[in-house]
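Visitor: This is the structure I want to talk about, given as structure tokens.
The values are calculated or read from the model by the stated rules, or taken from the named source; none is laboratory data. Because the structure is a prediction, the values reported are computed rather than measured. Ideal geometry is used to build each Cβ from the backbone, glycine not excepted, and the neighbour counts take in all protein chains shown.
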Number of protein chains: 2
Amino acid sequence: MNKNKWSKNTRREFLSAFSAAIGVSTVLPEWAYAKPPSISETAKMTIQQVIDLILTTIPGAPFNETVDTIKSGDGQQEVKGIVTTMFATIDVIKKAASLGANFIIAHEPTFYNHRDETSWLDNDQVFQFKNELLKKHNIVVWRFHDYWHTHRPDGVLMGVLTKLGWKNYFNSENPRLLVIPETSLEALIGHAKKSLGIRQVRFIGNPKQICKRVALSPGAAGGRSQIQLLQKEKPDVLIVGEVSEWETAEYIRDAQSMKLSISLIVLGHAESEEPGMEWLVPWLQPKVADINVTHVPSHYPFKEA
Amino acid sequence: MNKNKWSKNTRREFLSAFSAAIGVSTVLPEWAYAKPPSISETAKMTIQQVIDLILTTIPGAPFNETVDTIKSGDGQQEVKGIVTTMFATIDVIKKAASLGANFIIAHEPTFYNHRDETSWLDNDQVFQFKNELLKKHNIVVWRFHDYWHTHRPDGVLMGVLTKLGWKNYFNSENPRLLVIPETSLEALIGHAKKSLGIRQVRFIGNPKQICKRVALSPGAAGGRSQIQLLQKEKPDVLIVGEVSEWETAEYIRDAQSMKLSISLIVLGHAESEEPGMEWLVPWLQPKVADINVTHVPSHYPFKEA
């Protein structure tokens, strides 16, 4: 067989195996047909091709408005290894480089603001160092935030539910509300800390309160979103990653003063969503064949005193 | 003397004493001239008149765009007593009522969002309860945020500096940067906790780091503002009330990875600005004669576990 040309059968077999791997029956994007690869080339995907492949699984993708863009580097280069993480910190970038990975999929911003605007950071020494480090190692950082939350089920939520051992309580028709066996608030806090590997949480409520209806909103969805979840579900407890202290926390404080049994647990933003980027590994690995996909946790940056 | 008419001398004496009391030499607002009050009426001010009086001390006031509006009640009623606080929580409202006060000056929102928009809360039981409680006691809540920060010196900053015992390090030309005697980060944290009455803080940094240049930004100024303060002042440590965890905290974490000596202390939003509402009492009391001005702290709502 001519090494540069596939028989029709070989090409069909490759595409069929590829479709099975990505787990979708949609028509493949144009790049998949553009050049019949040799057998040894089947693993040679560009980073942009990995992104496009992921997007075939997201309802409504690509979005016109999204923060999920490439933050650094050239997506047309061949992907050599993939790292998933919450924050592409300097330490995570160094770890990715040491693993031979050139593609970091991060849930949160790289440059300290939601839209990763960098013009105001042009002369900033921290920005410059990080940017140079990424260039030096030819690493592409792509944010996977809006799309991962839009995936059905929400990839972040599934990661957290998996770690909490709560997948059996998940209801796809009402994914943010879990009805769990009755437990005290303090026991719930203990379980969350242990299963998610969190050193300390902040909370508002009576540790002895019995909790059964749990509203779960990892990350920092914003005060209005968090309070509207409370209005809709009337849970015993709301578990979030982060709050703005003048929003949800004050609402809960007032609710407590009214003797309503609504408590709040604040896990920490990074700790509350990192499981979703860990859960990305077994989801993505089968879709990219023999490209290594590794989760590198960025961890919670704070200490307490 | 006709009780309803002052002699020219009596009126001049009253206005002179009044000008001295409010500590300004600007022309008094129209209401001060509108009706010559009897002696017994000199203490009878409306709540709106107290607000107007405060605004005579704020550069550029009144602002076209500000969140410092009346959130509840009728400002035309006579002021019977004033309470200053960070958050007009349900507990603070009850305490104000028990003190016979009908005017709460709060630094932060009343209804769980920055602009105190309430249309989305119309059917919310917590909003309804709080709103009814305010109506029942005829209490006016006015936010004093933008104006208090615009006062020179910034009223919140002065309250915090006073409690920290750092007024001698204050430089009005560069109010956010304090050069203090060299101290370790852990000793600095200990001092802040003790002097501000804080149970626990979160921080990023090496407890043994020596700190001398302290950037102080109470409240939650936002990531860009906090990071730009770091860029401008290159402090050893930044002390703030609150951060969004994907902004300043990640910048500091990356700076630490670069071995830069920039640490972060997060005091808690309420704890970091409450001293500014306490400082408001001795500032405002002489301006409103025999109307009681009382500070009622709203305290930090969280517990740790």
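Visitor: With the structure loaded, tell me whether residue B:297 is of a type outside the set (A, V, I, L, M, F, W, C), closer than 25 Å to residue B:144 by Cα, more than 10 Å from chain A (Cβ to nearest Cβ) and touching a helix residue (DSSP H, G or I) at 6+ places or on another chain (Cβ under 8 Å) or whether it fails that test. Talk me through it step by step, then tell me what you get.
Guide: Details: of a type outside the set (A, V, I, L, M, F, W, C): yes; closer than 25 Å to residue B:144 by Cα: yes; more than 10 Å from chain A (Cβ to nearest Cβ): yes; touching a helix residue (DSSP H, G or I) at 6+ places or on another chain (Cβ under 8 Å): yes.
Spelling it out, residue B:297 is indeed of a type outside the set (A, V, I, L, M, F, W, C), closer than 25 Å to residue B:144 by Cα, more than 10 Å from chain A (Cβ to nearest Cβ) and touching a helix residue (DSSP H, G or I) at 6+ places or on another chain (Cβ under 8 Å).
Visitor: Which count do you get for residues in the stretch B:231-253 that are in contact with a Leu (Cβ under 6 Å, 6 or more places away or on another chain) and more than 19 Å from residue A:241 (Cα to Cα)?
Guide: So the first thing to find is which residues in the stretch B:231-253 are in contact with a Leu (Cβ under 6 Å, 6 or more places away or on another chain), and the list is B:233, B:238-239, B:241, B:252.
From what is left, the residues that are more than 19 Å from residue A:241 (Cα to Cα) are B:233, B:238-239, B:252.
Qualifying residue count for the region: 4.
Visitor: Further question on the same structure: Restricting to the stretch A:163-187, name every residue that is exposed (fewer than 14 other Cβ atoms within 10 Å of the Cβ) and in a helix (DSSP H, G or I). I'd like the intermediate steps shown before the answer.
Guide: Looking only at the stretch A:163-187, we keep the residues that are exposed (fewer than 14 other Cβ atoms within 10 Å of the Cβ), and these are A:165, A:167-168, A:171-174, A:179, A:181-182.
A:167, A:168 - these are the residues of the stretch A:163-187 that are exposed (fewer than 14 other Cβ atoms within 10 Å of the Cβ) and in a helix (DSSP H, G or I).
Visitor: Still on this structure, please answer the following. Can we say residue B:190 is at positive phi and either part of a helix (DSSP H, G or I) or in contact (Cβ under 8 Å) with a residue 40 or more places away in the chain (or both)?
Guide: no
Visitor: Given the criterion exposed (fewer than 15 other Cβ atoms within 10 Å of the Cβ) and at pLDDT 95 or above, identify the matching residue among B:74, B:52.
Guide: Numbers: B:52 fails: exposed (fewer than 15 other Cβ atoms within 10 Å of the Cβ).
Selected residue: B:74, the only one of B:74, B:52 that is exposed (fewer than 15 other Cβ atoms within 10 Å of the Cβ) and at pLDDT 95 or above.
Visitor: Further question: Cβ contacts < 8 Å: first residue facing chain B (nearest Cβ under 7 Å) and among the polar types (S, T, N, Q), restricted to the stretch A:220-232; second residue surrounded by fewer than 16 Cβ atoms within 10 Å (Cβ to Cβ) and not in a helix (DSSP H, G or I), any location; separation 6+ or different chain. Result?
Guide: Partner pairs satisfying both residue conditions: A:231/B:123.
Visitor: Let me ask you something else. Look through the stretch A:105-124, keep the residues that are under 20 Å from residue A:55 (Cβ atoms) and of a type in the set (D, E, K, R), and return whichever of them is nearest to the chain's Cα centre (by Cα).
Guide: The residue in question is A:108.
Visitor: Being surrounded by fewer than 21 Cβ atoms within 10 Å (Cβ to Cβ), within 13 Å of chain A (Cβ to nearest Cβ), within 25 Å of the chain's Cα centre (by Cα) and at pLDDT 95 or above is the requirement here; does residue B:303 meet it?
Guide: Values: surrounded by fewer than 21 Cβ atoms within 10 Å (Cβ to Cβ): yes; within 13 Å of chain A (Cβ to nearest Cβ): yes; within 25 Å of the chain's Cα centre (by Cα): yes; at pLDDT 95 or above: yes.
Against the criterion (surrounded by fewer than 21 Cβ atoms within 10 Å (Cβ to Cβ), within 13 Å of chain A (Cβ to nearest Cβ), within 25 Å of the chain's Cα centre (by Cα) and at pLDDT 95 or above), residue B:303 qualifies.
Visitor: Ok, one more. If we scan the stretch A:84-105, do we find a residue that is in a loop (DSSP other than H, G, I, E, B), within 14 Å of chain B (Cβ to nearest Cβ), over 20 Å from residue A:217 (Cβ atoms) and at pLDDT 95 or above? Talk me through it step by step, then tell me what you get.
Guide: First, the residues of the stretch A:84-105 that are in a loop (DSSP other than H, G, I, E, B): A:86-89, A:99-102.
Subsequent filtering for residues that are within 14 Å of chain B (Cβ to nearest Cβ) retains A:86-89.
Pick out the ones that are also over 20 Å from residue A:217 (Cβ atoms) and you get A:88-89.
Checking the rest, the ones that are also at pLDDT 95 or above come to A:88-89.
Yes, that holds for at least one residue.
Visitor: Considering every residue within the stretch A:209-217, establish whether at least one is closer than 25 Å to residue A:114 by Cβ and either surrounded by fewer than 17 Cβ atoms within 10 Å (Cβ to Cβ) or at the interface with chain B (Cβ under 9 Å from one of its Cβ atoms) (or both). Working first, answer last.
Guide: Here is the first cut: in the stretch A:209-217, the residues closer than 25 Å to residue A:114 by Cβ are A:215-217.
Next cut, either surrounded by fewer than 17 Cβ atoms within 10 Å (Cβ to Cβ) or at the interface with chain B (Cβ under 9 Å from one of its Cβ atoms) (or both) only: none.
Checking the stretch A:209-217: not a single residue is closer than 25 Å to residue A:114 by Cβ and either surrounded by fewer than 17 Cβ atoms within 10 Å (Cβ to Cβ) or at the interface with chain B (Cβ under 9 Å from one of its Cβ atoms) (or both).
Visitor: Out of everything in the stretch B:108-146 that is assigned to a helix (DSSP H, G or I) and in contact (Cβ under 8 Å) with a residue 60 or more places away in the chain, what residue ends up being surrounded by the most Cβ atoms within 10 Å (Cβ to Cβ)? So that I can check it myself, show each step before the final result.
Guide: Here is the first cut: in the stretch B:108-146, the ones assigned to a helix (DSSP H, G or I) are B:119-121, B:125-136, B:146.
Narrowing further to those that are in contact (Cβ under 8 Å) with a residue 60 or more places away in the chain: B:134-135, B:146.
Numbers: B:134: 23, B:135: 11, B:146: 14.
Checked the stretch B:108-146; the qualifying residue surrounded by the most Cβ atoms within 10 Å (Cβ to Cβ) is B:134.
Residue by residue, here is whether (1) within 25 Å of residue A:227 (Cα to Cα); (2) among the hydroxyl-bearing types (Ser, Thr, Tyr) holds:
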| position | (1), (2) |
| --- | --- |
| B:109 | yes, no |
| B:127 | yes, no |
| B:134 | yes, no |
| B:162 | no, yes |
| B:165 | no, no |
| B:175 | no, no |
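Visitor: Counting just the residues of the stretch B:226-262 that are of a type in the set (S, T, N, Q) and crowded, with 19+ Cβ neighbours inside 10 Å, which one comes out farthest from the chain's Cα centre (by Cα)? Show your work before the answer.
Guide: Going residue by residue through the stretch B:226-262, those that are of a type in the set (S, T, N, Q) are B:226, B:228, B:231, B:244, B:248, B:256-257, B:261.
Keeping just the survivors that are crowded, with 19+ Cβ neighbours inside 10 Å gives B:226, B:244, B:248, B:256.
Numbers: B:226: 19, B:244: 21, B:248: 23, B:256: 32 Å.
Out of the qualifying residues, it is B:256.
Visitor: Of the conditions (1) among the aliphatic types (A, V, I, L, M); (2) facing chain B (nearest Cβ under 10 Å); (3) touching a residue at least 60 places away in the same chain (Cβ under 8 Å); (4) more than 22 Å from residue A:82 (Cα to Cα), residue A:270 fails just one. Which one is it?
Guide: Residue A:270 satisfies every listed condition except (4).
Visitor: If you go through the stretch B:160-200, how many residues are charged (D, E, K, R) and within 14 Å of chain A (Cβ to nearest Cβ)? Talk me through it step by step, then tell me what you get.
Guide: Initial filter on the stretch B:160-200 (charged (D, E, K, R)): B:163, B:167, B:173, B:176, B:182, B:186, B:193-194, B:199.
Adding the requirement that they be within 14 Å of chain A (Cβ to nearest Cβ) leaves B:186, B:193-194, B:199.
Of the residues in that region, 4 qualify.
Visitor: I need the full set of residues from the stretch A:117-151 which are of a type in the set (Lys, Arg) and more than 12 Å from chain B (Cβ to nearest Cβ), in order please. Break it down into steps so the answer makes sense when it comes.
Guide: Start the filter on the stretch A:117-151 by keeping residues that are of a type in the set (Lys, Arg), which leaves A:130, A:135-136, A:143.
Residues satisfying the conditions are A:135, A:136.
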